[in-house]
Amino acid sequence: MKRISIFLLLALTLVGMQSAHAQGLRVGDRAWYTARGGLFVGLNQSFHKGSVPLLPSADNAFFANGNSSNFIFGVHGEKAVTRFVVLGLRLTFDQMSGTIDGRYTEPFRIADGQGNPWDVVRDQAVDYTLQYLSLGGYGKVYPMSGPGLFISGGMSIGALMKHDYAHTATIVEPEWAAGSQALEQSGVIDDANGIRYAASVGLGYDFYFRYGFLTPQVMYEFGLNKVVDAPYTESWKINNVRAVLDLTFPIP
């Protein structure tokens, strides 16, 4: 799936460049009012907040927060409605995978060689793999009327593509048992929501060259619904800070 997506993005880029070159398009008023399309890549910093389980199970007793960094990419298209307003669509391969960890006292004890009971403290960690294919609509407002500085806002809906986990736990107390590990547990995340809704705001700037626009922008995305729809984790949501670079060509 990833290879197919990458090849598709490269193909679209080459077609756009060749078409623009063949027509001799120059960025300016005419290009600004045409429909435009291209691709983008970016870095996604995810913030897992709320009751994020260290083991996605109804019997889990421990929760933590964490953050992670992933690459995202996709294609987009847009059109200027006026010199101040642009509307567009964005198809994104979203990754929000990450590691959540914490040190916790277990709800049980273990006995030493003399039969004495000891409280157990373990370092727990879970690696989450969360991937979505998201379709979003957005709008840009250009206060200076035309290519340049803009503010943006949008909404998106994402279909869950992958939702795996791998959990490990290592004893740190008592000292005589330190380093002992529980068997790794892994599988799919139970009760994961198949759809993710999000809203975003951002700021960016268009730099133009002979055949198109190069647009860096920063966006903050708010997760609007829970990652898992289960009573043991009622508030797990993911917000994202995204640094994205768009490459956009006028469509003749």
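The values are calculated or read from the model by the stated rules, or taken from the named source; none is laboratory data. What you are looking at is a predicted structure, and each value in this text was computed from that prediction instead of being measured. A quick note on method: Cβ atoms are made from the backbone with ideal geometry, for glycine too, and the neighbour counts reach across all protein chains shown.
In a residue-by-residue description of region 206-213, the property of being closer than 30 Å to Leu55 by Cα, out of contact with any His (no Cβ under 9 Å at 6 or more places or on another chain) and not hydrophobic (A, V, I, L, M, F, W, C) applies to no position. Please determine whether any residue of region 207-224 is of a type outside the set (Val, Ile, Thr), under 27 Å from Pro250 (Cα atoms) and not in a strand (DSSP E or B). Yes, region 207-224 contains a residue that is of a type outside the set (Val, Ile, Thr), under 27 Å from Pro250 (Cα atoms) and not in a strand (DSSP E or B). Filter region 227-240 for residues that are farther than 17 Å from Gly74 by Cβ and part of a strand (DSSP E or B) and give the result. Val228, Ala230, Thr233, Lys237, Ile238, Asn239 - these are the residues of region 227-240 that are farther than 17 Å from Gly74 by Cβ and part of a strand (DSSP E or B).
Got a sec? Which of Asp164, Asp190 is in a loop (DSSP other than H, G, I, E, B) and of a type outside the set (Val, Ile, Thr)? Lay out the reasoning, then the answer.
Working: Asp164 fails: in a loop (DSSP other than H, G, I, E, B).
That would be Asp190, the only listed residue that is in a loop (DSSP other than H, G, I, E, B) and of a type outside the set (Val, Ile, Thr).
For the structure I just gave you, tell me whether Leu130 is in a strand (DSSP E or B), hydrophobic (A, V, I, L, M, F, W, C) and free of Cβ contacts under 8 Å to residues at least 60 places away in the same chain. When the stated conditions are applied, Leu130 does not pass them.
Let's see how each residue does on (1) at pLDDT below 95; (2) touching a helix residue (DSSP H, G or I) at 6+ places or on another chain (Cβ under 9 Å):
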residue: Ile189; (1), (2): yes, no
residue: Ala192; (1), (2): yes, no
residue: Ser200; (1), (2): no, no
residue: Tyr208; (1), (2): yes, yes
residue: Val218; (1), (2): no, no
residue: Val244; (1), (2): no, no
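Of all residues assigned to region 217-227, none qualifies as being aromatic (Phe, Trp, Tyr), surrounded by 13 or more Cβ atoms within 10 Å (Cβ to Cβ) and touching a Pro at 6+ places or on another chain (Cβ under 9 Å).
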